[in-house]
Amino acid sequence: MTEAFDYTISANDIKRKKPAPDPYLKVLELAGFTADEAVAVEDSTPGVQSAKSAEIYCYGYANPKAVVQDVSLADKIIENLS
């Protein structure tokens, strides 16, 4: 799966995990992008909080097959991936 992405990180690469902005800030740093040049797609409450704390535009996916997560803080809600 990682071959589909230019940059991947894990919890070992950052000090604080989601909902802190650290995961997104680290990837922005590695990629050389600013927050306004990025978007996030998240399906969890901590994920949305992390992206928004990093000042990244965030799509929240309300996954009907997963445990219900509050993604209402996302900039836009995606209800269908098709």
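The values are calculated or read from the model by the stated rules, or taken from the named source; none is laboratory data. Bear in mind the structure is a predicted one, so any value in this text is a computation, not a measurement. As a convention, Cβ positions derive from the backbone with ideal geometry for all residues, glycine included, and neighbour counts pool all protein chains shown. Areas reflect the complete protein model, heavy atoms only, side chains present, ligands, DNA and RNA absent. Shrake-Rupley method; radii C 1.70, N 1.55, O 1.52, S 1.80 Å.
The table for this structure:
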| item | result |
| --- | --- |
| Residue-by-residue Karplus 3J(HN,Hα) for segment 67-82, coefficients 6.51, -1.76, 1.60, Hz, glycine and proline x | 4, 4, 10, 8, 10, 5, 7, 5, 5, 8, 9, 9, 9, 8, 7, 7 |
| Charge tally in the Cβ shell below 10 Å around residue 62, where Lys, Arg are +1 and Asp, Glu are -1, residue 62 excluded | -3 |
| Residue 41 long-range amide H proximity, modeled H, under 5 Å | 59 |
| Cleavage-rule hits (trypsin sites (Lys or Arg not before Pro)) in segment 11-82: DSSP loop, at most 14 neighbouring Cβ within 10 angstrom | 15, 16, 17, 65 |
| On Cα atoms only, tilt of 22-31 relative to the major axis of the chain in degrees | 60 |
| Net charge over other residues, Cβ less than 13 angstrom from the Cβ of residue 25 (K, R count +1; D, E count -1) | +2 |
| DSSP loop chymotrypsin sites (Phe, Trp or Tyr not before Pro) with at most 14 other Cβ within 10 Å excluded, longest remaining stretch of the chain | 34-82 |
| Cβ-based charge dipole, the chain, positive-most Cα from 82, 61, 44 | 44 |
| Gyration tensor (alpha-carbon) shape descriptor, segment 1-41, a/c threshold 1.5 | oblate |
| Solvent-accessible area per residue for the chain (1.4 angstrom probe, square angstrom) | 72 |
| Over the chain, relative contact order from alpha-carbon pairs under 8 Å, at least 6 apart, % | 23 |
| For residue 74, residues with placed amide H under 5 Å, excluding near neighbours | none |
| Positive dipole terminus of the chain, leading residue within 5, 19, 32 (C-beta point charges) | 19 |
